[in-house]
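Right, one structure below, let's go through it.
The values are calculated or read from the model by the stated rules, or taken from the named source; none is laboratory data. Keep in mind the model is a prediction, meaning the values are calculated, not measured. A quick note on method: Cβ atoms are made from the backbone with ideal geometry, for glycine too, and the neighbour counts reach across all protein chains shown.
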2 protein chains.
Amino acid sequence: MQITSSPNKTIQNKDALGGHDAHAMRSVFFISDGTAITSETLGRSILSRFASVPFETFVIPYVDTLERADDAVNQINMAHQRYGYRPLVFDTIVDPVIRERINAAEAFNLDIYEGLVGKIAEEIEVEPSESIGTFHGDVDSDSYKARIDAVHFALDNDDGARTTHYDAADIILIGVSRSGKTPTSLYLALQFGIRAANYPLTEDDLFENSLPKALRPFKDKLFGLVIDTDRLVKIRNERRAGSRYASYQQCQQELRAIQGIYISQGIPNIDVSTMSIEEIATRILQMTGLKRRIG
Amino acid sequence: MQITSSPNKTIQNKDALGGHDAHAMRSVFFISDGTAITSETLGRSILSRFASVPFETFVIPYVDTLERADDAVNQINMAHQRYGYRPLVFDTIVDPVIRERINAAEAFNLDIYEGLVGKIAEEIEVEPSESIGTFHGDVDSDSYKARIDAVHFALDNDDGARTTHYDAADIILIGVSRSGKTPTSLYLALQFGIRAANYPLTEDDLFENSLPKALRPFKDKLFGLVIDTDRLVKIRNERRAGSRYASYQQCQQELRAIQGIYISQGIPNIDVSTMSIEEIATRILQMTGLKRRIG
């Protein structure tokens, strides 16, 4: 079975069967004997350097039998016929017999591992194993537990729901409503095992001249999110269209007030307006020097 | 600034300055001009094939100036001196001037991109751009919105907190308490934009002969998690040590009852006992055929 995602661009020239057309749809397969996370992460990152090309991507995880390999080969060959170009195949399959089967497809195969694994083996003078370990370590490991604990911590301490456990927090994100605190907290927890609480500064909080009481003892753990007014208006309108909450004036006032608080209280902060959640989380680690609990 | 993680193994022979020792600590750097997610994901996956070697890993994101490059080079050279072996460096820096600076460190450099990018450019006859796109696409894109919406959906519908929005769910995870429903729901949301609710089957639910009322209209969306008794006992004991809730007998009874429900109601299910959250989520997509909303 495959996990498809819809084409990231519309088909611009699906009849380009002969000759070369740089704008023709290209199929790309991310294939692995595991989750395919590595293959997909690397593959998408590389494809982003060919932004003018419309790619249709397919993720095929758990290709760990010859039968599944044949199924993948069929899908690749069908994509070849559909667009008239060899699909690109990124694979991280370890088993040589299964890899060989995949390599028989009518495709352009990109061997992600073998070159690198061989070079490393030579450098460190250790033979690689024939199987790949789990990416986030053993499920009984301390880091697995740290991760799950962090997720539950983020949930329990989301949106100011509870403020009595801030002594156990690694970081407390603050910001106006819908500035990205919740997804960032969860990403920090899932990806880095960091215990992130978050607290929304409401109108009442914003127009006081001091921090909310619950936050005062933990000033060193506070980290502020900033977002530009237009973007906040857009996001809030998706939630409550036409409301005062989503109005330009309201958003602007809240954002000015919160930046005043960041400055007067000396709270580190970051403008997240053009950042993905991954970027926000990584930048926060970088700026705070906070240590991951996993990875 | 760097984001360190602690060594994944203890140092076994830190004085092995001359001669080769396969059990000596090796330093590894994941370096990028962006988040370093690609570099780290690929690097860790490859290192897992050298499980006998203790690696100390460092992640250095946002190396996008010569100054930051020099800072990274210093860290690499210090690690070289510390252990007496050349550190491994996985980098995905696009700018050739910055890359050259990194390459001057006393390290074994693994060029992740260049080989692959060049091969692809030749195959598709398109020149690569000099900069890398954002990994999860533009923050104004539909997929970004789908992602954030999915995260909020997962939160609002966590742990059976609310059952009135199940018509909007892509999937409803069920299982006994602490079988991994919440982290899996959140991962499905963050990584794939899938709207995953989750509902814990409590003792009352389990010993009824039918599904809880709230779930009955949505039988087609249900997906069950299974976990082995020993592991559940361990996890619950970490939460409430010595409680009836964490006792072997209680866990065993609940797990037998829930498997009875899965069978009698024909609910697809998966044993998550030895799986990471990534694996659980990917397997669920594979088994259900559920389509991602992002990626």
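Residue count for segment A:85-105 satisfying the condition of being within 13 Å of chain B (Cβ to nearest Cβ) and in contact (Cβ under 8 Å) with a residue 24 or more places away in the chain: 10. Could you pull out the residue among B:T4, B:T38 that is crowded, with 24+ Cβ neighbours inside 10 Å, at the interface with chain A (Cβ under 10 Å from one of its Cβ atoms) and modelled with pLDDT under 95? On inspection, the qualifying residue turns out to be B:T38. For segment A:197-205, the count of residues that are over 30 Å from A:R292 (Cα atoms), out of contact with any Phe, Trp or Tyr (no Cβ under 7 Å at 6 or more places or on another chain) and touching a residue at least 40 places away in the same chain (Cβ under 8 Å) is at least one.
For segment B:203-210, the criterion of being in a helix (DSSP H, G or I) and in contact with a helix residue (DSSP H, G or I) (Cβ under 8 Å, 6 or more places away or on another chain) is met by at least one residue. Within segment B:179-210, track down each residue that is within 11 Å of chain A (Cβ to nearest Cβ), touching a strand residue (DSSP E or B) at 6+ places or on another chain (Cβ under 8 Å) and of a type in the set (G, A, S). B:G180, B:S185, B:A189 - these are the residues of segment B:179-210 that are within 11 Å of chain A (Cβ to nearest Cβ), touching a strand residue (DSSP E or B) at 6+ places or on another chain (Cβ under 8 Å) and of a type in the set (G, A, S). Given the options A:D204, A:D170, name the one that is crowded, with 20+ Cβ neighbours inside 10 Å and either closer than 30 Å to A:V272 by Cβ or in contact with a His (Cβ under 8 Å, 6 or more places away or on another chain) (or both). When all the criteria are applied, what remains is A:D170.
Within segment B:150-200, the residues that satisfy the criterion of being over 22 Å from A:E238 (Cα atoms), out of contact with any Ser or Thr (no Cβ under 8 Å at 6 or more places or on another chain) and not in a helix (DSSP H, G or I) are B:A161, B:T163, B:I172, B:I174, B:G175, B:V176, B:R178, B:S179, B:G180. Restricted to segment A:281-295, and to residues there that are in a helix (DSSP H, G or I) and facing chain B (nearest Cβ under 7 Å), the residue that is surrounded by the fewest Cβ atoms within 10 Å (Cβ to Cβ) is A:Q286.
When the residues of segment A:245-263 are filtered to those that are touching a residue at least 40 places away in the same chain (Cβ under 8 Å) and either assigned to a loop (DSSP other than H, G, I, E, B) or under 28 Å from B:Y62 (Cα atoms) (or both), the one that is farthest from the other protein chains (Cβ to nearest Cβ) is A:I261. Scoring A:T65 on the criteria (1) at pLDDT 95 or above; (2) surrounded by 15 or more Cβ atoms within 10 Å (Cβ to Cβ); (3) under 26 Å from B:A281 (Cα atoms) leaves a single failure, condition (2). Residues considered: B:D230, B:D220. Of these, the only one that is loosely packed, with under 15 Cβ neighbours inside 10 Å, under 24 Å from B:V151 (Cα atoms) and without any contact (Cβ under 8 Å) to a residue 40 or more places away in the chain is B:D220. Per the listing A:I194, A:I174, the residue uniquely hydrophobic (A, V, I, L, M, F, W, C), assigned by the TED database to the domain that holds A:Q253 and within 16 Å of A:L225 (Cα to Cα) is A:I174. Just give me the residues in segment A:11-35 being facing chain B (nearest Cβ under 10 Å) and either in a strand (DSSP E or B) or modelled with pLDDT under 90 (or both), in sequence order. Within segment A:11-35, A:H20, A:D21, A:A22, A:H23, A:A24, A:R26, A:V28, A:F30 qualify.
All conditions in (1) modelled with pLDDT under 95; (2) within 29 Å of the chain's Cα centre (by Cα) hold for A:Y262, with the sole exception of (1). Of the residues A:H165, A:H152, the single one that is out of contact with any strand residue (DSSP E or B) (no Cβ under 6 Å at 6 or more places or on another chain) and either facing another protein chain (nearest Cβ under 9 Å) or under 19 Å from B:I148 (Cα atoms) (or both) is A:H152.
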